[in-house]
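I have placed the structure first, in the form of structure tokens, so that the comments after it can refer back to it.
Values in this text are rule-based calculations from the coordinates and carry no lab data. These numbers were taken from a predicted model, which means no experiment stands behind them. Backbone-built Cβ (ideal geometry, glycine too); neighbour counts: all protein chains shown.
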Amino acid sequence: MTSNSTNTSIHQPLQTPAALAAALSLILFSFFCLAAPGPAAAKSKGYEIMIHTGDVDKTIEYFKSKNFWGKSSHERDLDVPRIVLAVTSERWQKRSQNIPVAVKKELFYRAIVPLILLSNELIMEKRQVLVAISETVSKGKTLNSAEQKQLQALAQQYGLAAMSPLKKQIAALLERVDAIPPSLALGQTAYESGYGTSRFAVEGNALFGQWTFSGDGMKPQEHRASKGNYGVAAYEWPFDSVRSYMQNLNTHSAYQKLRDKRASLRKQGKEVTGTDLAETLDKYSERGMEYVKTLKSIIRVNGLAIADKATLRDEAITLIVAVGDADKVGETEAKIEELRASGELDRIIKDMRLENNME
């Protein structure tokens, strides 16, 4: 099993998808159970909710309806719809065994890339705040109370103690508050999760194989006592796994080389690519440089470099509610309306943390 050198997850392992789905009563959708849109489309404070039913073929039809399927032109940036997945399921694990490998990969990459781009977008929003604060300090001005709180919050989130002078702390933060190349994230999640089919991906939305020593992680079948009380961190949502992975690379000492190389490339005005940063991840896995070679091969063979210049469309996020049976569409519609009326739907969406709170 490939593993991180350690885990710095900002989320505690939560309920299994099955328990969570039961608790949320149909509002969660199953991983890769997208299909041709059902009869319902509703909005909840800016988020569109679509009900879908069907199989892999209808999933592809749905992506085509979003103009997000087929061979991409490498002369233009990849244009990605804001589709957010919420829970993995055994259905994809089983169905993926009966479809061509190329289709399996395409479905996986196209379902995961919006999560990666959204996570990066949230990071870059914070970076913009940090850059504005840096410019204020560079001009010799005093930070107002709001800016001070924002800087303190960012330092706390990114694991940095107070430094003097203030410029030093801001410079250190700028090395951490930065995006992860999508091709790198796609390559790692494909490898670590077996294209979304691993037990850890299915049971705990663990897309990047991050370890935790908290004692409540998912235990490998062949647990090695010499490694301590470790397990694979579980997450409530796949998006949590993506955010935690990026937080890990942006804060843990094991990945200082990645942050140094990224900062150096930025300083030189060069593009930061997944292939470049993959070179620094020999500590992500016990396989060391062999892992790096495998990761670079995955990025190259699958043409993932195109994702490094991908952009999210300027549109509302679409949350997909999947039902396994078309007869359940009406029941699901009614449940969504019930959750909306009670305010529970907005609470669920808020818990997904799809937006920044920079106050």
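For the stretch 134-171 and the stretch 243-276, what is the separation of their C-alpha centers, rounded to whole Å?
21
Enumerate the calculated ³J(HN,Hα) couplings along the stretch 247-264 in order (Karplus 6.51 cos²θ - 1.76 cosθ + 1.60, θ = phi - 60°), each rounded to whole Hz, writing x wherever the residue is Gly or Pro.
3J(HN,Hα) across the stretch 247-264, in whole Hz: 4, 4, 5, 8, 10, 6, 4, 5, 10, 4, 4, 5, 5, 5, 5, 4, 5, 5.
Under 14 Å from the Cβ of E271, count the other residues' Cβ atoms, weight Lys and Arg +1, Asp and Glu -1, and hand me the total.
Net of charged neighbours comes to +2.
Just to confirm a number: summing +1 for Lys and Arg and -1 for Asp and Glu over residues other than F68 whose beta-carbon lies under 10 angstrom from that of F68, what do you get?
+3
Do the alpha carbons of any pairs in K94/K328; K149/K350; K270/K309; K64/K104; K71/K104 sit beyond 18 Å of each other, and which pairs?
With Cα atoms farther than 18 Å apart: K94/K328; K149/K350.
Under 5 Å between amide H atoms, partner at least 5 residues away or on a different chain: which partners does A234 have, H built in plane at 1.01 Å?
Excluding prolines and chain starts, which carry no amide H, the hits are L14, M218.
If you average 1/r across every pair of different Cα atoms in the stretch 102-218 and take the reciprocal, what Kirkwood value do you get, in Å?
One decimal place: 16.7 Å for the Kirkwood radius.
Please list, in chain and number order, the residues 5+ apart from E279 or on another chain whose amide H is under 5 Å from its amide H, with Hs placed from the backbone.
none
Taking H placed 1.01 Å from N in the peptide plane, check which residues at least 5 places from I51 or on another chain put their amide H under 5 Å from its amide H.
G38, A40, V321
Excluding V177 itself, what net charge comes from residues whose Cβ is under 9 Å from its Cβ, given Lys and Arg +1 and Asp and Glu -1?
+1
Applying the Karplus parametrisation 6.51 cos²θ - 1.76 cosθ + 1.60 with θ = phi - 60° to the phi angles of the stretch 151-164, what ³J(HN,Hα) value in whole Hz is obtained for each residue in order, glycine and proline being reported as x?
So the J values, rounded to whole Hz, are 5, 5, 5, 5, 4, 5, 5, 9, x, 10, 6, 4, 10, 10.
Step through the residues of the stretch 275-285 one at a time and calculate ³J(HN,Hα) from phi using the Karplus curve (6.51 cos²θ - 1.76 cosθ + 1.60, θ = phi - 60°), rounding each to whole Hz and writing x for Gly and Pro.
5, 4, 6, 4, 4, 8, 9, 5, 9, 6, 10
What is the spin-label model distance, in nm, from Q148 to I348 if the labels are put 7 Å beyond Cα along the C-beta direction?
Label-label distance for Q148 and I348, simple model: 4.2 nm.
Taking the stretch 266-313 as the region of interest, what is the percent of Cα-Cα pairs per 10 angstrom bin, listed from the shortest bin to the one with the maximum distance?
24, 45, 27, 3
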